[in-house]
Amino acid sequence: MKSNGQGKNGHRNNGQKTEQKREERKGAGRVSEGTAAQPGEKAAPADKMKATLEERARALAKVTHVESGEARQVVVFSLANETYGIATDYVREVQPLEDVTPVPCTPSFVVGIINIRGAIYSVIDIREFFGVPKQEVNNLTKVILVNAAGLLVGILADDVSGAKSIPLAEIKPPLDSKGNGKEEYIQGVTKDMLIILDLEALLRDERIIVQSEVG
């Protein structure tokens, strides 16, 4: 009788083990199904990446707007101990001052004329318009070739340091020039005393216009 009991118990234990294995396989299947990526979950990373790219595009557009709409690009040059800026929109190129042909019977601010690849430029020294002392021409002397107010003109510069971006918020109204009238040729001044020229106004001065017509 004991052996029969043991046999029954053995069959019962084998059945329990078989059932346990089945449950384990079912559980493993459920775990696998739970960890599998669902169709909705696949789209989530794509949506997140799209949102990130859109955010970056908006940030880039904002930076571009600041650079183009809220700052001014200028070519910076010096005359004696003062520093000036001309908007890059007007500047065609910068050249060393060479092969200048003097023009007789012209005002003292007219240096002469130069030929740059067939284009004739009148070279002027704007110191006279701003009360800046003259300086001898040397190997650093440059001429900034501009096209403004319908004129091709070369602006004499003691030296040119390059282009610079100036935030509009940093450009303040010109200081009182004690009645010498030069403020009409100035758009503003920065905190480090960079004078931003109003080139259109300067080249519309009747002295320059008359000289250009005579030339």
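Numbers for the structure displayed
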quantity: Percent RCO, i.e. relative contact order, over segment 74-160, from Cα pairs under 8 Å lying at least 6 residues apart; calculated: 33 percent
quantity: Residue-wise HN-Hα coupling along segment 161-174, computed from phi with Karplus coefficients 6.51, -1.76, 1.60 (Hz; x: Gly, Pro); calculated: 8, x, 8, 8, 9, 10, x, 4, 5, 8, 8, 9, x, x
quantity: Residues 122, 161, sorted so that the one with the fewest Cβ neighbours within 10 Å comes first; calculated: 161, 122
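Every number in this text was worked out from the coordinates using simple rules, so none of it is lab data. Values in this document were obtained by computation on a predicted structure and should not be read as measured data. Every residue, glycine among them, receives a Cβ derived from its backbone with ideal geometry; neighbour counts consider all protein chains shown.
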